[in-house]
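Undergrad: My structure is below; once you've seen it, I'll send some questions.
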Amino acid sequence: MAGQAVLSVLREDGVVQGQEPEIAPDTLLHAYRTMVLTRHLDERAMRLQRAGRIGFTVPNKGVEAVQIGSAAALRASDWIFPSYRDFGMALYHGVPVEQMLHGMFCNGLDNSRGRQMPVHYSFADPIRFVSISSPIGTHIPQAVGAARAAQQRGEDTAFLTSFGDGGTSSLGFHSGLVFAGVWKSPVIFLCQNNGWAISCPADKQTGSDGFAVKGEGYGVPGVQVDGNDFLAMYSAVRTAVARARSGGGPTLIEAITMRMGGHSSSDDPTKYVPAAMLESWAKKDPIVRFEKYLRRRGLLDDAQAQAALSAAEAQVAAAVEAAEKAPLPATETIFSDVYAEVPPSLRKQGRDYFDLMSRHGEAAAGDGAFPL
Amino acid sequence: MVFEFKLPDIGEGIAEGEIVKWLVKPGDAVREDQAVVEVMTDKATVEIPAPRAGRILELKAAEGATVPIGTVIFTLEEGAGAAAAPAAPAAPAAPKAETAKPAAPAAKAPAAPAAPARDAVITPSAPAATIKAAPVSASGKVLAVPSARAAARELGVDLQQVPGSGRHGLVRKQDVQAFAERGPSAPAAAPAASAPRSFAPVQIERTTSETRVAFRGVRKKIAEAMTRSKYTATHFTVVEEVDVTQLLALREKAKALGAEQGIKVTLTPFFMRAAASALQLYPQLNSMLDEAAQEIVTYGHVHLGIATDTPQGLIVPVVRDVPAKGLLQLSAELQDLAERTRGGKIKPEELKGSTFTITNAGAIGGILATPIINFPEVAIMGVHRVMERPAIVDGELVERKFMNFSLSVDHRLVDGADACRFLVHVKRLLEEPGLLAL
């Protein structure tokens, strides 16, 4: 972006080079532990998927600082309209790991009752984490709409919506920024430029100089941030949040980072990501960098670092065990949670279905031939 | 315990995978999540980890082999001499405290996830029963087609008051119009007679000596029709004994006459003529109740349904305008209908429009029955087996042939006395079959 440097606070060796935000030590440690937990959960989920224990997962490695840094700048009363990989944001705000594992296993304790794709979480509590949707960019105008509602109610709630570099090519991005710019809505548009839209590199995604500059055309200030720098991410989002709450309007933040894994468990990034690119980004690992900073400040030692990892492992292992054992969703839940009151047409369908089920038992391959 | 590892679908809908390289050999101890084999799919080459700890027993696919998803590719003895899973750390630090957000230290304990069943809007414990018990208009909104709603708005009719004639009491446009014509003072309709029952569905325990077929198709349609009839019409059955000696003699002559024209003459056309005559005399049996309009409909025409036993079950083809047709014509039509019904070639419209039904199981057996009315008709006549019996005629003990006739009527519309009168008239005609010509 012409004339504006990428916001950065920490060097790769953990030395502060920019303006260090004021953050309580407890908050820093909580953020660190959440980053460790996020990465471990991500690695474990991939192994579960490879062993056929869960159906699908979304690699997260490398983007932890973007997620946790942003989440740390939000209040529990704020809203997150997340992208695909943002479960770290929910973990930061205290969503239990078990709840995510229930979702991965699509079991009866999953709050979507096994009807969502694995990892497409939604949580109402402790932070409003709106359902992750696979379609690209559709949640961006939703965030703007929700923010508009808060504006009209006179609330000072902030709305963070997150999407990838590919998401900026969606209609939702355009619509969202148009309206937020005009309404001066309290929205933080977080573009996670992780280098790739599945296999499409960022330099083929846009002809503009980065993604932050796109905000200008909508009257939305844009800023580029080192996405592997927790402190820079926190600073940028905190500034944007303060602006949003005070009526200053939206901000577009481009977090420059790198997706170190595949797009999803169905993807093979070795076919398109140059090995050299991975190597150079590995040196910028956000957790390693943040850990160095914490150690420099005397907030973290070997024992504490090990404890954080052990705690993450224990937590995830216990959650996996519980989720794998949990029963499948009751068939009847097909008809719940969609309408406040089941409409007669669905009620009839349900009645017919359960009637059929009670007579035929579980369906087998080839069942369902017409007429029933 | 031996665990069989089936090659999972690791890429959203792949069909097969190639075993690239085994990373373990039989006898190796593996930890949970330890990589066991490299597999190449059309999407990626990946390392597949063991889902549980144990000792590898057998590798069931060779390197280079392509195997379909779901194939068992290795087996392991669970737990046997296996290293402890690495994920279980020595010191399980209190996880809740670790993730508690400093700003709000009391990270909310995960609200004990309610049993999914409880949240379900439709409770699963007794699914069918629960749903059935619930009012059809769950939303409190009357079930009505859009044109009925429009008509109700136009006519200023309160839909809540309108009895629906559609399935499950669905209000149709004509219901609204009929209601409006009767005026708001008209008494509300009787509750839908076919109100669903609220019993839990019967479950029959499986045994080793039984067969089961799906309850559907014609069988199901018959069941629905019979249930509706039996639980709607207030059945009253009267039985009469008919001396058919003369009738049988006449039929022998008619048979010979028919044979000359290629027509097979059975007893049924005689019964039809007798019934048609009685229906003209007692038209309350040739009626139906229009529940929606709350009107009794009495027909000027007599269309007779003839219950027919087919390999698919009971089917009722209809012979129209019976009083206008002679015995031979009726015989010919019957023969044609019966053949096409049994052959499954009957047209749907030939199964509709009857005003009264005759059911004849006499050829098979049984001395009497209590037939179920072909609803919404209001009467059905059953014809039973011919029996030779001693009888007293003019003070003499003689051998005669008898048949029993049963008549079930819907007592809502037909009084018992009229049912008896109807049957007496039938008896009179059949005992003196010459009267059938009248």
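The values are calculated or read from the model by the stated rules, or taken from the named source; none is laboratory data. For clarity, every value in this text was computed on a predicted model and none was experimentally measured. Cβ sites come from the backbone with ideal geometry, for glycine too, and all protein chains shown count toward neighbours. Please note that ligands, DNA and RNA were not included when accessible areas were found on the heavy atoms of the full protein model with its side chains. Shrake-Rupley method; radii C 1.70, N 1.55, O 1.52, S 1.80 Å.
Undergrad: I'd like to know if region A:119-138 contains one or more residues that are open to solvent by less than 30 Å² (accessible area, probe 1.4 Å), small (G, A, S) and within 14 Å of another protein chain (Cβ to nearest Cβ).
TA: Checked against the condition, which is being open to solvent by less than 30 Å² (accessible area, probe 1.4 Å), small (G, A, S) and within 14 Å of another protein chain (Cβ to nearest Cβ), region A:119-138 yields no hits at all.
Undergrad: Restricting attention to region A:152-169, which residues are of a type in the set (S, T, N, Q) and buried (at least 18 other Cβ atoms within 10 Å of the Cβ)? Talk me through it step by step, then tell me what you get.
TA: Restricting attention to region A:152-169, the residues satisfying the condition of being of a type in the set (S, T, N, Q) are A:152, A:157, A:161-162, A:168-169.
Correct list: A:T157, A:T161, A:S162, A:T168.
Undergrad: What is the residue count in region B:19-68 for residues that are out of contact with any Phe, Trp or Tyr (no Cβ under 6 Å at 6 or more places or on another chain), open to solvent by 40 Å² or more (accessible area, probe 1.4 Å) and in a strand (DSSP E or B)?
TA: Of the residues in that region, 12 qualify.
Undergrad: In addition: Does A:V225 fit the bill of being touching a Leu at 6+ places or on another chain (Cβ under 8 Å), open to solvent by less than 10 Å² (accessible area, probe 1.4 Å), assigned to a loop (DSSP other than H, G, I, E, B) and among the aliphatic types (A, V, I, L, M)?
TA: Details: touching a Leu at 6+ places or on another chain (Cβ under 8 Å): yes; open to solvent by less than 10 Å² (accessible area, probe 1.4 Å): yes; assigned to a loop (DSSP other than H, G, I, E, B): no; among the aliphatic types (A, V, I, L, M): yes.
No, not satisfied.
Undergrad: Just give me the residues in region A:26-65 being among the hydroxyl-bearing types (S, T, Y) and modelled with pLDDT of 95 or more, in sequence order.
TA: A:T27, A:Y32, A:T34, A:T38
Undergrad: Next up: Output the number of the condition that B:G305 fails; it satisfies all remaining conditions of (1) open to solvent by 40 Å² or more (accessible area, probe 1.4 Å); (2) touching a Leu at 6+ places or on another chain (Cβ under 9 Å); (3) of a type in the set (G, A, S).
TA: (1)
Undergrad: Would it be correct to say that A:R39 is among the basic types (K, R), assigned to a loop (DSSP other than H, G, I, E, B) and under 20 Å from A:Y121 (Cα atoms)?
TA: Criteria not met by A:R39.
Undergrad: Something else: Restricting to region A:15-40, count the residues that are open to solvent by less than 50 Å² (accessible area, probe 1.4 Å) and within 11 Å of chain B (Cβ to nearest Cβ).
TA: Applying the first criterion (open to solvent by less than 50 Å² (accessible area, probe 1.4 Å)) to region A:15-40 yields A:15, A:18, A:21, A:23, A:27-32, A:34-40.
Next cut, within 11 Å of chain B (Cβ to nearest Cβ) only: A:23, A:27-32, A:34, A:36-38, A:40.
Of the residues in that region, 12 qualify.
Undergrad: Right, here's the next one. Select, from B:A65, B:A35, B:A44, the only residue that is in contact with an Asp or Glu (Cβ under 8 Å, 6 or more places away or on another chain) and within 27 Å of A:A314 (Cα to Cα).
TA: It is B:A35.
Undergrad: Any residue at all in region A:255-263 that is over 20 Å from the mean Cα position of the chain (by Cα), assigned to a loop (DSSP other than H, G, I, E, B) and at pLDDT 95 or above?
TA: Filtering region A:255-263 for residues over 20 Å from the mean Cα position of the chain (by Cα) gives none.
So far as region A:255-263 goes, no, none of its residues is over 20 Å from the mean Cα position of the chain (by Cα), assigned to a loop (DSSP other than H, G, I, E, B) and at pLDDT 95 or above.
Undergrad: Looking at B:L257, B:L248, which one is open to solvent by 50 Å² or more (accessible area, probe 1.4 Å), touching a residue at least 40 places away in the same chain (Cβ under 8 Å) and over 36 Å from the mean Cα position of the chain (by Cα)?
TA: From the options B:L257, B:L248, the qualifying one is B:L257.
Undergrad: When you check A:E324 against the structure, is it among the acidic types (D, E), open to solvent by less than 60 Å² (accessible area, probe 1.4 Å) and within 22 Å of A:N107 (Cβ to Cβ), yes or no?
TA: no
Undergrad: With the checklist (1) part of a loop (DSSP other than H, G, I, E, B); (2) of a type in the set (S, T, N, Q); (3) open to solvent by 50 Å² or more (accessible area, probe 1.4 Å) in hand, flag the one item A:S185 doesn't pass.
TA: Failed condition: (3).
Undergrad: Does A:V58 satisfy the condition of being within 11 Å of another protein chain (Cβ to nearest Cβ), among the aliphatic types (A, V, I, L, M) and over 19 Å from A:I127 (Cβ atoms)?
TA: Considered against the rule, which asks whether it is within 11 Å of another protein chain (Cβ to nearest Cβ), among the aliphatic types (A, V, I, L, M) and over 19 Å from A:I127 (Cβ atoms), A:V58 comes out as no.
Undergrad: Let me ask another. Determine which single condition A:L28 fails, assuming it passes every other condition in (1) assigned to a loop (DSSP other than H, G, I, E, B); (2) touching a helix residue (DSSP H, G or I) at 6+ places or on another chain (Cβ under 7 Å); (3) among the aliphatic types (A, V, I, L, M).
TA: (1)
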